[in-house]
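To keep things clear, I will list the structure first and then write my remarks on it.
Bear in mind that the values in this text are calculations on the coordinates, not laboratory data. Model, not experiment: these values are computed from the prediction. Note that we place each Cβ from the backbone using ideal geometry, even for glycine, and neighbour counts take in every protein chain shown.
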Amino acid sequence: MSILVTGGAGFIGSHVVERLAERGEEVVCMDNFNDYYDPGVKRDNVRAALASGRVTLLEGDIRDADLCDAAVADHDVTAVIHLAARAGVRPSIEEPALYEAVNGVGTVNLLEAARQADVDKFVFGSSSSVYGVNSNIPFSEDDPVTRPISPYAATKRAGELMCHVYHHLCELPIVCLRFFTVYGPRQRPDLAIHKFARLIEADRPIPMYGDGTSRRDYTYISDIVDGVLAALDRPLEFEIINLGNSEPVELSELISIIEEAMGRRARIEQLPEQPGDVPVTYADIRKAMRLLGYDPQFPIRQGIARFVEWFREVR
């Protein structure tokens, strides 16, 4: 018996694969190693997990329905943790069809494979972006999410809806997890914290979109992994659950915290706000605490310090 983790060589996926292997699970790590960022980085992400002998690497694309079927059926998969996606709000505005194909069709392919194999649990990695410009603070799972403002957000909401269809029709146990701005070691190089650290280290200006007052609920990677594994393990039938830190931080404050951790000053290039960006994200995590025993451990300063330590080890 094994657990399939799609996107298993990515930032969040590689940490999930590693944690599963550490606790003795047999894992199938599926990734297509696309060129959204350097595929070599993703191969480095899973090198240690593959050396454990508990992880099988399966290279392929979730848009390939036959491959998804084989990944589940041929490896005696009993649970699927679906984290593979075409990522990024801003790039999705340029390539909406690609995002729909990967995040939409790919998710249906995996749900269908899970249905055919009668797996025990399906965990879907969704996003706080589904809330769009939400006036209800903090964001609750009961809030209406009918007005996404980017193709990426729309595909994630569509994935949640398709998950509900498969639960309703097939009684497939599914948990959809809305991740709030995840950061930490192995963070994608295009994401703000990693990008800012790289530019500060090189004494190059960092782009600050807007006036610095936008706020994000930054969530440390190990807290997210705790939530993912709890969603896998708990006997839940269908739930949508926020995973965040529930302590939003202004962009200008985030930059100051990174400066402090790096011991260097940033040069800031102020730019207009970007289409698709929301002014604030803020997770109500009471449901996660109640259903998953979720209890985030890393305040932003501690998490950033750990990120910077990793960044300087690998740069």
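Worth a mention:
- Residues within the range 90-145 that are free of Cβ contacts under 8 Å to residues at least 60 places away in the same chain and at positive phi, tallied: 1
- Residue list for the range 291-314, filter: assigned to a helix (DSSP H, G or I) and of a type in the set (Phe, Trp, Tyr): PHE307, TRP310, PHE311
- Filter result (of a type in the set (Asp, Glu) and under 15 Å from the mean Cα position of the chain (by Cα)) within the range 226-252: ASP226
- Hey, ASP203 assigned to a loop (DSSP other than H, G, I, E, B), of a type outside the set (Phe, Trp, Tyr) and under 18 Å from the mean Cα position of the chain (by Cα) or not: no
- Within the range 26-38, not a single residue is in a helix (DSSP H, G or I) and either crowded, with 16+ Cβ neighbours inside 10 Å or among the charged types (D, E, K, R) (or both).
- Residues (surrounded by 14 or more Cβ atoms within 10 Å (Cβ to Cβ) and of a type in the set (A, V, I, L, M, F, W, C)) located in the range 271-288: VAL278, VAL280, ALA283, ILE285, ALA288
- Selection of the range 238-256 for residues being touching a residue at least 60 places away in the same chain (Cβ under 8 Å) and among the β-branched types (Val, Ile, Thr) yields ILE240, ILE241.
- Residues located in the range 218-255, provided they are assigned to a loop (DSSP other than H, G, I, E, B) and of a type in the set (Asp, Glu): GLU237, GLU247
- Candidate set: the range 53-79, residues that are of a type in the set (Gly, Ala, Ser) and in contact with a strand residue (DSSP E or B) (Cβ under 8 Å, 6 or more places away or on another chain); chosen: the one surrounded by the most Cβ atoms within 10 Å (Cβ to Cβ): ALA71
- Residues (within 18 Å of GLY104 (Cα to Cα), free of Cβ contacts under 8 Å to residues at least 60 places away in the same chain and aliphatic (A, V, I, L, M)) located in the range 155-212: ALA158, LEU161, MET162, VAL165
- Long-range neighbours under 6 Å by Cβ, at least six apart or interchain, first residue over 17 Å from PRO205 (Cα atoms) within the range 257-277, second among the polar types (S, T, N, Q) and surrounded by 13 or more Cβ atoms within 10 Å (Cβ to Cβ): GLY276/SER150
- The criterion of being more than 19 Å from the chain's Cα centre (by Cα), farther than 22 Å from TYR131 by Cα and not aromatic (Phe, Trp, Tyr) holds for ARG264.
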